[in-house]
Amino acid sequence: MKHSMPQLPYTMEALAPHMSQETLEYHYGKHLQTYVDNLNKLITGTPFEDLPLEDIIRKADGGIFNNAAQTWNHTFFFETLTPRQTAMPDKLIQKLMENFGSPEAFKQEFTQKATTLFGSGWVWLTEDTQGKLSILTEPNAGNPLTKGMKPILVLDVWEHAYYIDYRNRRAAFIEAFWNLVDWEKVALRII
């Protein structure tokens, strides 16, 4: 199975001013493309060659895991963004209230974890098999699928995700991220 680049659900300039066309050209067009290309090279002739991406993530390690997870993580991240932010559906508001006290408390905790995650990685809103939501931080290519958790929302805090627009100001990038979340898509991912 050859893995390919996902199609963005918006144009390259559509997320400005929160995320520039230049950032997408590098982050999506170069970084993600490299992970996809590396993954396809690494799995050729291996037991992973014909597996879906999720199965590779759950079973692989080393370079194959890193490139599979980064392909999946980036795709999930880009598919969660929108130039026309949607209102948070009642279903999601209720789940956030049950698990964090309020949507604002969720955003505050998520922001704090994203700001303080050392080095490079990902911050995830996840759901367990009982429907409980939690925030999980993962270094490098970490993905909650490896822990039996369902990804609901993710923020990429690798420096390449924001350096063009925000330089080393991760907190400013995180603040801008909240303007790009497609809450309807997020709500569809919860049980």
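In the condition set (1) over 30 Å from His3 (Cα atoms); (2) outside any helix (DSSP H, G or I); (3) under 17 Å from the mean Cα position of the chain (by Cα); (4) not polar (S, T, N, Q), Phe110 is compliant with all but (2).
Taken across segment 104-122, residues that are touching a His at 6+ places or on another chain (Cβ under 9 Å) and more than 19 Å from Leu53 (Cα to Cα) do occur, with at least one present. Mind checking whether some residue in segment 45-62 is under 30 Å from Arg169 (Cβ atoms) and open to solvent by 30 Å² or more (accessible area, probe 1.4 Å)? No; the residues of segment 45-62 include none that is under 30 Å from Arg169 (Cβ atoms) and open to solvent by 30 Å² or more (accessible area, probe 1.4 Å).
Restricting the first member to segment 176-190 and to residues that are closer than 18 Å to Gly131 by Cα and open to solvent by less than 20 Å² (accessible area, probe 1.4 Å), and the second to residues that are of a type outside the set (Asp, Glu) and not in a helix (DSSP H, G or I), the beta-carbon pairs closer than 7 Å and six or more apart or on different chains are Trp183/Thr86; Trp183/Ala87; Trp183/Met88; Trp183/Pro89; Val186/Ile152; Val186/Leu153; Ala187/Pro89; Ile190/Ile152. When Ser120 is tested against (1) farther than 20 Å from Lys150 by Cα; (2) without any contact (Cβ under 8 Å) to a residue 60 or more places away in the chain; (3) out of contact with any Phe, Trp or Tyr (no Cβ under 6 Å at 6 or more places or on another chain), exactly one condition is not met: (3). Here Ala69 clears all of (1) part of a loop (DSSP other than H, G, I, E, B); (2) under 22 Å from Pro144 (Cβ atoms) except the condition numbered (1). Scanning segment 97-148 for residues that are touching a helix residue (DSSP H, G or I) at 6+ places or on another chain (Cβ under 9 Å) and aromatic (Phe, Trp, Tyr), we see that the one that is farthest from Phe76 (Cα to Cα) is Phe100.
The values are calculated or read from the model by the stated rules, or taken from the named source; none is laboratory data. Being a predicted model, the structure only gives us computed values, none of them experimental. Here the Cβ is made from the backbone with ideal geometry for all residues, glycine too, and neighbour counts use every protein chain on show. What goes into the accessible areas is simple: the full protein's heavy atoms, side chains included, and nothing from ligands, DNA or RNA. Shrake-Rupley method; radii C 1.70, N 1.55, O 1.52, S 1.80 Å.
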